Amino acid sequence: MIVSIDRVRVSAITAALPAARLDMASLADEHGALEIRRIIESTGIRAVRVAGALSTGDLCEAAARHLLAATDVRKESIDAVVVVTQTPDDFMPGAAVGLQARLGLSEECLAFDIDYGCSGYVYGLLQASMLVQAGCRSVLLCTGDVTTKLLKPGDRHVQMVFGDAASASLIEAGDGRIDYACRTDGSGASHLRTPLDYANGSHGSAQVGHLHMSGNEVMNFALTRVPPLIDQLLAHCGIDKAALDLVALHQANQFMLRYLRKIMKLSEAQTPIGLSEVGNTGPSSIPLLLAGGHGLAGRARKESLLCGFGIGLSLAAARLDLSATRLIAPVNVVAPLVPDRLAAQVSV
């Protein structure tokens, strides 16, 4: 599907990271120094952030409060909050209703979740854009996952890749247009999943399994499906790849990103990589890349393209103007010492 939505803009983007980190080098005793070095050289990931006692709701709240404090938006003008997550604080209700209460937003504010991962930020933007087009003044879009809590201990294939993070973006009415292209191939759902077993849970409760990833299958999907999707979107927009100022790809791993860059004949300047200290943060990887700097300050962002790909299997791309978007540096969030109390935040 390719769709264009007019009179909408992304006003601001920021992110939140747990202060706790896991250095890959610390796993040498468990997996061997040579193996750790090999994986680091391939993925480009030297450390990931770990939520620990923090929840998805904590991280999303931190990102949202940081965004609101840095902008002049009034809470009363937020007509909808959309949370993209696969690790909500509770099975029900969703994370968005909890965030609405935490932030003290109006009871008239729409609040709902989107259960998506790697391509989730673009799907969230699409939903937020449609809400603005329908009449919402401001839409708060948050992404957040605490994926490290789903990892099987000792599984280095995921332990050395996935990290925890959240983001917050403000989508409002404006003069711009955002063009979207989305694809879904549910036949590959088993390649990246966290199973939920209703039959074998204790005391009648469902049991959440560990995250499973068939790395080769996911990589093959990305390398073969992302380039044509981007080509189709750019053809729809009448834009050549050489004219793109910024291509922000889902930060899966360094090898995949470099290979996609090569296939699509994009430059290093067009396609920043920023996962070395945070890892693959799922739906937060694109906004975290943007908010984290990575040489983006002061450079042109008028012709920007975002593309997420992975779980589903799915992929989604958006072409938009980010030249007037405020990119607000992320905050570190310390795990609370007192239950149910968000700790102080310190800018990175």
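Bear in mind that the values in this text are calculations on the coordinates, not laboratory data. In this text the structure is predicted, and so the values were computed from the model without any measurement. Glycine gets a Cβ as well: all are built from the backbone with ideal geometry, and neighbour counts include every protein chain shown.
Which shape class, rounded, prolate or oblate, goes with the chain when its Cα gyration tensor gives a ≥ b ≥ c as root eigenvalues, a/c under 1.5 marks rounded, and past that a/b bigger than b/c marks prolate? If you can, show how the numbers build up before the last one.
On the way: a/c = 1.41, a/b = 1.08, b/c = 1.31.
Note, shape of the chain comes out rounded.
Rounded to the nearest 5, what % of the DSSP beta bridges within the chain are antiparallel ones?
Details: 44 of 65 bridges.
DSSP beta bridges in the chain are roughly 70 percent antiparallel.
Note on Lys265: lysines with a C-alpha under 23 Å away, same-chain residues under 8 apart excluded, are Lys241, Lys302.
Note that the range 96-113 has calculated 3J(HN,Hα) couplings of 5, 5, x, 5, 4, 6, 4, 8, x, 7, 4, 5, 7, 6, 5, 8, 7, 9 Hz, one per residue in order, obtained from phi through the Karplus relation 6.51 cos²θ - 1.76 cosθ + 1.60 (θ = phi - 60°); glycine and proline are x. For the range 2-347, averaging the sequence separation of C-alpha pairs within contact (under 8 Å, six or more residues apart) and dividing by the residue count gives a relative contact order of 27 percent. By the Cβ rule of 4.7 Å, the chain holds the following cysteines without a possible disulfide partner: Cys109, Cys118, Cys136, Cys182, Cys237, Cys307.
Of interest is the spacing of the C-alpha centroids, which for the range 262-277 and the range 157-173 amounts to 18 Å. Each Lys or Arg adds one and each Asp or Glu takes one away; over the other residues whose Cβ falls under 14 Å from the Cβ of Asp245, this sums to +1. Highest average first, the peptides 226-238, 184-196 ordered by how many other beta carbon atoms sit within 10 Å of their residues are 226-238, 184-196. Each peptide in 153-161, 261-269, 136-144, 15-23 gets a packing score, the mean of other Cβ atoms within 10 Å over its residues, and the list from highest to lowest is 136-144, 15-23, 153-161, 261-269.
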